[in-house]
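K.L.:
Shown below is the structure under consideration.
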Amino acid sequence: MKFGSMKLFLFALILGLTAALPAANAAQPDLEWSPKTFDFQPGREVRYIDFENGNDMNPGTKSRPWKHHPWDKSAEGKAKTAKGIDTYCFKQGVAYRGALVAKESGTPGNPIRLTVDPSWGTGKAGFYGSVGIRGGWKRCTDKTAPEIPKPGRRKTWYTDLDPNLVPRLLWEVRAGEVT
């Protein structure tokens, strides 16, 4: 076999091998988007959580929900001491403010579900690791903020935060929308 023919043979061999590689390496992906419709499937023990209007002393029912999930360090009362529950329903349209640290684990046949009940609330439920700061906002003045240029002072507001709170981000929510 001549040297030129050898190059052609090697090129054909390499081309044949790369054509046989798995789809993950192919030019066109073989993944197909096929989301499943949400299907609410509660387990045996269900508790309801409404961060806006719940109370941790309540039994955790739809009509008398908890405020906190048992895995939240801010949980109190019945919410704090709950064990063995396999479904936690968060009210739709409510922002849950806090952090959950799992203290229990489900099993392959009985997972712990953090979900929503489509018949309870409207909108989307959300988890936010942020704290809402309401009230106490004051407009800046010449005295309180002399370092801010005068035209900007009328549009600048401030509040005195708890010294233990160290926010990383701040934004305004007006009429339910982030501005």
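Laboratory data are not the source of any read-out in this text; all were calculated from the coordinates shown. Just so it is clear, the structure is predicted and the values come from calculations on it, not from any experiment. Glycine gets a Cβ as well: all are built from the backbone with ideal geometry, and neighbour counts include every protein chain shown.
A quick yes/no check of all residues on (1) farther than 16 Å from residue 42 by Cα; (2) touching a Phe, Trp or Tyr at 6+ places or on another chain (Cβ under 7 Å):
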| residue | (1), (2) |
| --- | --- |
| 117 | no, yes |
| 124 | yes, no |
| 134 | yes, no |
| 140 | yes, yes |
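K.L.:
Report yes if residue 62 is basic (Lys, Arg), in a loop (DSSP other than H, G, I, E, B) and touching a residue at least 40 places away in the same chain (Cβ under 8 Å), otherwise no. Reasoning before the result, please.
P.N.:
Working: basic (Lys, Arg): yes; in a loop (DSSP other than H, G, I, E, B): yes; touching a residue at least 40 places away in the same chain (Cβ under 8 Å): yes.
In short, yes.
K.L.:
If you don't mind, there's one more thing I want to ask. Mind checking which strands (runs of 3 or more DSSP E) fall wholly inside segment 87-179 and carry at least 1 residues that are touching a Leu at 6+ places or on another chain (Cβ under 7 Å) and surrounded by 12 or more Cβ atoms within 10 Å (Cβ to Cβ)?
P.N.:
Of the strands (runs of 3 or more DSSP E) lying wholly inside segment 87-179, those with at least 1 residues that are touching a Leu at 6+ places or on another chain (Cβ under 7 Å) and surrounded by 12 or more Cβ atoms within 10 Å (Cβ to Cβ) span 87-90.
K.L.:
Looking only at segment 65-83, count every residue that is under 19 Å from residue 117 (Cα atoms) and either in a loop (DSSP other than H, G, I, E, B) or not small (Gly, Ala, Ser) (or both) and tell me the total. Walk me through how you get there before you give the answer.
P.N.:
Taking segment 65-83 and keeping what is under 19 Å from residue 117 (Cα atoms), we get 65-70, 79.
Checking which are either in a loop (DSSP other than H, G, I, E, B) or not small (Gly, Ala, Ser) (or both) leaves us with 65-70.
Number of matching residues: 6.
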